[in-house]
1. Kindly establish whether residue 43 is modelled with pLDDT of 80 or more, out of contact with any helix residue (DSSP H, G or I) (no Cβ under 6 Å at 6 or more places or on another chain) and surrounded by 11 or more Cβ atoms within 10 Å (Cβ to Cβ).
2. Answer yes or no: is there a residue in the stretch 51-60 that is farther than 23 Å from residue 110 by Cα and either at pLDDT 75 or above or exposed (fewer than 12 other Cβ atoms within 10 Å of the Cβ) (or both).
3. Can you confirm whether the stretch 19-29 contains a residue that is at pLDDT 80 or above and in a loop (DSSP other than H, G, I, E, B)?
4. Out of the residues in the stretch 117-138 meeting the condition of being surrounded by 22 or more Cβ atoms within 10 Å (Cβ to Cβ) and in a loop (DSSP other than H, G, I, E, B), tell me which one is modelled with the lowest pLDDT.
5. Looking at 96, 83, 110, 103 in this structure, which one is under 15 Å from residue 56 (Cβ atoms), surrounded by 11 or more Cβ atoms within 10 Å (Cβ to Cβ) and at pLDDT 90 or above?
């Protein structure tokens, strides 16, 4: 097997965490470049990170759309700063469904993730709050990353 065809599989949440760390690092160390690109840009270019359906952000946005009844909108087009009220989340039944969906996402990312409560989901004002909430409960520490 040539080195060119070797891949390392990394948990999507771990990649999210890596990207945050790299971007933070780049703020104080802008000189690190790969092929004349910032390291963060290079990592995105050589991965499917932005388009990954495995990322928590994508799955959370998809869950919001599905509970809302929108099966046509691409979750990648949803702005993080959109208010949850835009999707009509006022009915408690909607929050039950959304909480169940978020719990499935968290468990798929980290089987030991704690269960979210409906009141936590109801406290989300914007889409980004939902994404942050699910990321928080499904946080995968570096010691739990599966590298295959």
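The values are calculated or read from the model by the stated rules, or taken from the named source; none is laboratory data. Remember, it's a predicted structure, so these values are computed and weren't measured experimentally. Because the Cβ atoms are built from the backbone with ideal geometry, glycine has one as well, and the counts that use them run over all protein chains shown.
1. So residue 43 fails the test.
2. Taking the stretch 51-60 as the starting set, the residues that turn out to be farther than 23 Å from residue 110 by Cα are none.
Checked the stretch 51-60: no residue is farther than 23 Å from residue 110 by Cα and either at pLDDT 75 or above or exposed (fewer than 12 other Cβ atoms within 10 Å of the Cβ) (or both).
3. yes
4. Residues of the stretch 117-138 that are surrounded by 22 or more Cβ atoms within 10 Å (Cβ to Cβ), as a first pass: 121, 124, 127, 130-131, 134, 138.
Add one more test, that the residue is in a loop (DSSP other than H, G, I, E, B), and what stays is 124, 138.
Values: 124: 94, 138: 87.
Filtering the stretch 117-138 for residues that are surrounded by 22 or more Cβ atoms within 10 Å (Cβ to Cβ) and in a loop (DSSP other than H, G, I, E, B), the one modelled with the lowest pLDDT comes out as 138.
5. Working: 96 fails: under 15 Å from residue 56 (Cβ atoms); 83 fails: under 15 Å from residue 56 (Cβ atoms); 110 fails: at pLDDT 90 or above.
Residue meeting the stated conditions: 103.
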